[in-house]
Ligand SMILES: Cc1cc2nc3c(=O)[nH]c(=O)nc-3n(C[C@H](O)[C@H](O)[C@H](O)COP(=O)(O)O)c2cc1C
């Protein structure tokens, strides 16, 4: 599943995410997009869990996913507020899933992807060991087409790796949850 964390109408994070998911389909994945531009997710309030339709839909998508791509613009070296809000809702769904990170940034977006990685680790998710960043203005044309072959190659590599490693880890996690060994990490999710 891909999550677009930019609320900008002509978001290039969304374009890169779509490309990555298209590549993932070529490698055999089924994909879904959770676009925070249209989800209208309220600010997370811990004492109002389960009170809106957007949350119900989002939770269903998160439960369905075995791998998740988080796409965020660089906002002052951080992920967007919309992405952080999404993650605040979804901490229980991270275990046993592999997360990949892409970032639209003029500055490589390393701190942005590190922050998303930190949140996912804190929620017991697995992270891909590399991310993909791009410079929205330079790497995409006005027609919305990606024009940087290196970024395209990295998105394709990430799609392939996420499909393979995401599948392996998620399958093992489900098998561990279904098993009876009390010493595994997954045992606490029974
Ligand atoms: C509030 C705000 C803060 C930003 N801070 C940074 C920044 O620190 N570094 C950077 O490279 N770009 C920064 N940008 C630019 C965006 O990261 C950039 O325009 C990005 O491509 C937007 O992604 P999108 O097309 O998916 O919306 C900022 C933009 C906004 C609106």
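Values in this text are rule-based calculations from the coordinates and carry no lab data. Bear in mind that the values here come from a model prediction, so they are computed numbers and not experimental data. Using ideal geometry, Cβ is built from the backbone for each residue, glycine included, and neighbour counts are taken over all protein chains shown.
Starting from the coordinates of the alpha-carbon atoms of segment 27-120, obtain the Kirkwood hydrodynamic radius over all distinct pairs and give the value in Å to one decimal.
Working: mean 1/r = 0.0712 Å⁻¹.
14.0 Å is the Kirkwood radius here.
Distance in nm between label sites at residue 8 and residue 40, each 7 Å beyond Cα in the beta-carbon direction?
Result for the modelled spin labels: 2.4 nm.
If I model a spin label as a point 7 Å beyond the Cα along the Cα-Cβ vector, how far apart are those points for residue 88 and residue 107 in nm?
Rounded to a tenth, the inter-label distance reads 2.3 nm.
Rounded to the nearest 500 deg cm²/dmol, what is the calculated helix-only ellipticity per residue at 222 nm for the chain, with -39500 (n - 2.57) per DSSP H run of length n ≥ 4?
Values: 7 runs with 87 residues, N = 190.
The helix contribution divided over the chain gives -14500 deg cm²/dmol.
Kindly provide the Kirkwood hydrodynamic radius of segment 24-75 in Å, to one decimal, from all pairs of distinct alpha carbon atoms.
13.0 Å
Report the FRET efficiency, 1/(1 + (r/R0)^6), for residue 153 and residue 190, where r is their Cβ-Cβ distance and R0 is 25 Å, rounded to 0.05.
Numbers: r = 41 Å, r/R0 = 1.64.
In this case the efficiency is close to 0.05.
For segment 112-179, just the Cα set please: Rg and Dmax, both in angstrom.
Both quantities, over Cα of segment 112-179: 15.8, 52 Å.
Using only the C-alpha atoms of segment 75-165, find the volume of their convex hull and express it per residue in Å³.
Hull volume normalised by residue count: 104 Å³.
Within segment 162-183, which residues have the backbone N less than 11 Å from the label spot 7 Å out from residue 27 along Cα→beta-carbon, could you tell me?
162-168
So how many Å³ per residue does the convex hull of the Cα atoms of the chain work out to? Let's see the in-between values first.
Values: hull volume 22.0 nm³, N = 190.
Dividing the Cα hull volume of the chain by its residue count gives 116 Å³.
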